[in-house]
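To keep things clear, I will list the structure first and then write my remarks on it.
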Amino acid sequence: MTVVLLTRPGQENDNLASRLAGQVAEIQVRPLIEIKAVALTQEDRRLIMDIDQQDAIIFVSKSAVRYSLPELETYWPQWPVRLNWFAVGFGTSLVLSDHGIKADYPAVAGSEGLLELSGLQKVKDLKVLIVRGVGGRELLASELIRRGAKVTYLEVYERRTTIDDDWRDLSPDTIVVVTSIAALDSLRAKLGENVGKYQLIVASPRIAAQSQDFAQTTIAAGASDQALYDAILESL
């Protein structure tokens, strides 16, 4: 009996779990990472108050939107007209749209896709604010800086490994869905020497490259619910 294990933080598994109901024998939800807000500094609040001085603002995850927009809306009942908004993918753009923001986003979610957008090609001397979690990837900022942009971070959340460490009851028939490097690291720590028994579905080639110690890895066409859903059904 195949078990599909969803590991995203909090309620981010709900929609995919609903779609899979009736399609797989059993669905389990065990978040590998918890997302927690971080206290904003005075410098952070100055950044928020002065976002009209930025040329572009990039949100690298849904959590970046959820943990920053309430603060932004405190200072900006109306959004600055000249600010260009970007989202890491379609899902993040949908969360932004709930706040009246239309953001440009790549067809395939990720920093690589963002860097291919036309609006981020000619950025010399432009000010770009990246909203993210503590200690995120540096690829996006590094490349924008190489193109001549002036990049600043607004870090609004942090990732923590979940405390649920007892995974001894995990069936060898389990397909584990992993959407980040942090989640993969957490999974590996929980499974220990048993990692070679399990099949993975991952959201990107970058994650797959670090999962060679698992039994099998399937790369989904992205981190969206649709992409993960398709990959899961193809793996059954």
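The values are calculated or read from the model by the stated rules, or taken from the named source; none is laboratory data. Nothing here was measured: the structure is a model prediction, and the numbers come from that model. Reconstructed Cβ throughout: ideal geometry from the backbone, glycine too, with neighbour counts over all protein chains shown. Just so you know, the surface numbers come from the protein's heavy atoms only, side chains and all, with ligands and any DNA or RNA stripped out. Shrake-Rupley method; radii C 1.70, N 1.55, O 1.52, S 1.80 Å.
Miscellaneous remarks
- Close pairs (8 angstrom Cβ cut-off, 6 or more residues apart or separate chains): within 18 Å of Ala149 (Cβ to Cβ) and open to solvent by 60 Å² or more (accessible area, probe 1.4 Å) in region 78-99, not charged (D, E, K, R) and not in a strand (DSSP E or B) anywhere: Asn84/Gly119
- Any hit, region 155-174, residues being more than 17 Å from Pro9 (Cα to Cα), modelled with pLDDT of 95 or more and open to solvent by less than 70 Å² (accessible area, probe 1.4 Å): yes
- Check on Val4, part of a helix (DSSP H, G or I), at pLDDT 95 or above and open to solvent by less than 20 Å² (accessible area, probe 1.4 Å): no
- Yes/no for Arg132 being open to solvent by 20 Å² or more (accessible area, probe 1.4 Å), within 14 Å of the chain's Cα centre (by Cα) and touching a residue at least 24 places away in the same chain (Cβ under 8 Å): no
- Residues of region 185-216 that are within 22 Å of Gly91 (Cβ to Cβ) and buried (at least 18 other Cβ atoms within 10 Å of the Cβ): Ser186, Leu187, Leu200, Ile201, Val202, Ala203, Ser204, Ile207, Ala208.
- Hey, Arg30 basic (Lys, Arg) and open to solvent by less than 60 Å² (accessible area, probe 1.4 Å) or not: yes
Here's the yes/no breakdown for (1) surrounded by 17 or more Cβ atoms within 10 Å (Cβ to Cβ); (2) in contact with a strand residue (DSSP E or B) (Cβ under 9 Å, 6 or more places away or on another chain); (3) part of a helix (DSSP H, G or I); (4) touching a residue at least 60 places away in the same chain (Cβ under 8 Å):
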residue	(1), (2), (3), (4)
Glu12	yes, yes, yes, no
Leu16	yes, yes, yes, yes
Arg19	no, no, yes, yes
Arg46	no, no, yes, no
Ile58	yes, yes, no, yes
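- Listed by first and then second residue, the pairs linking a residue in region 209-236 that is part of a loop (DSSP other than H, G, I, E, B) to a residue that is open to solvent by 60 Å² or more (accessible area, probe 1.4 Å) and among the β-branched types (Val, Ile, Thr), with Cβ atoms under 6 Å apart and 6 or more places separating them unless they lie on different chains, are Gly222/Val108.
- Long-range neighbours under 9 Å by Cβ, at least six apart or interchain, first residue more than 14 Å from Pro31 (Cβ to Cβ) within region 181-197, second open to solvent by less than 30 Å² (accessible area, probe 1.4 Å) and assigned to a helix (DSSP H, G or I): Ile181/Ile207; Arg188/Val195; Val195/Leu187; Lys197/Leu191
- Test result for Trp76, of a type in the set (Phe, Trp, Tyr), closer than 30 Å to Val177 by Cβ and over 16 Å from the mean Cα position of the chain (by Cα): no
- Among residues of region 101-118 being part of a loop (DSSP other than H, G, I, E, B) and touching a Leu at 6+ places or on another chain (Cβ under 6 Å), the one that is modelled with the lowest pLDDT is Pro106.
- Scanning region 119-149 for residues that are in a helix (DSSP H, G or I), in contact with a strand residue (DSSP E or B) (Cβ under 9 Å, 6 or more places away or on another chain) and not hydrophobic (A, V, I, L, M, F, W, C) returns Gly119, Ser142.
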